[in-house]
1. Taking Ser42, is it surrounded by fewer than 14 Cβ atoms within 10 Å (Cβ to Cβ) and in contact with a helix residue (DSSP H, G or I) (Cβ under 7 Å, 6 or more places away or on another chain)?
2. Looking at Tyr73, Tyr31, which is the one that is open to solvent by 20 Å² or more (accessible area, probe 1.4 Å) and within 15 Å of Phe11 (Cβ to Cβ)?
3. Can you pull out every residue in segment 20-41 that is farther than 14 Å from Ala69 by Cα and not in a loop (DSSP other than H, G, I, E, B)?
4. So which residues in segment 1-28 are surrounded by fewer than 14 Cβ atoms within 10 Å (Cβ to Cβ) and more than 16 Å from Ala53 (Cα to Cα)?
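The values are calculated or read from the model by the stated rules, or taken from the named source; none is laboratory data. Note that the structure is a prediction, hence the values are computed from the model and not measured. Positions of Cβ are backbone-derived with ideal geometry, glycine not excepted, and every protein chain shown enters the neighbour counts. Only protein heavy atoms, including side chains, enter the accessible area calculation; ligands, DNA and RNA are left aside. Shrake-Rupley method; radii C 1.70, N 1.55, O 1.52, S 1.80 Å.
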Amino acid sequence: MRLKEKTHRKFVEFFEKISSMYQGKEFELAYSDIQRETGAASVTLKRAIQALAEDGVIEVHPGRNSRYARFSYLLANQNPEENSLDVQSDGTQKLEKQIEEQTQSGGLLESVNEDVRELTQLVDHLRRRVRSQEMAIALLQDRLAEIEDKIRKR
């Protein structure tokens, strides 16, 4: 069963965004993070990953455990404009060239605003993850204290 066009586009855009964050290199993601970001159900997620792999959009390898996978976004290498920028070894030259092009086209402010929004979303996501991990640690500390109290009473 194939994906709906809207679902397919949503996953392609998601992997494109994540790939650009990792500068086109292979990256590891938890399936739960992908679900959270795309809003897809687990069955849809599995179908989407399989469909994108079959279509040659992404390459999937096992991750550190069954809840993670390593992905490579393959479409980034097919865009000739991006390849010409990636050839430059100095990151500052690449950034300067992009700024110059965007300034000439008037899109610099929009681009910066978009980058700020994206970074804000990433920071919020990390804050939520840290908070949930802090809560889990506090719960484990409470349980450990209870166990220590029981041991001392014996």
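1. Values: surrounded by fewer than 14 Cβ atoms within 10 Å (Cβ to Cβ): yes; in contact with a helix residue (DSSP H, G or I) (Cβ under 7 Å, 6 or more places away or on another chain): yes.
Yes; evaluated as a whole, the condition is true for this residue.
2. Working: Tyr73 fails: open to solvent by 20 Å² or more (accessible area, probe 1.4 Å).
Going through Tyr73, Tyr31 in turn, just one is open to solvent by 20 Å² or more (accessible area, probe 1.4 Å) and within 15 Å of Phe11 (Cβ to Cβ): Tyr31.
3. Ser20, Met21, Arg36, Glu37, Thr38, listed by residue number.
4. Lys6, Lys17, Ser20, Met21, Gln23, Lys25
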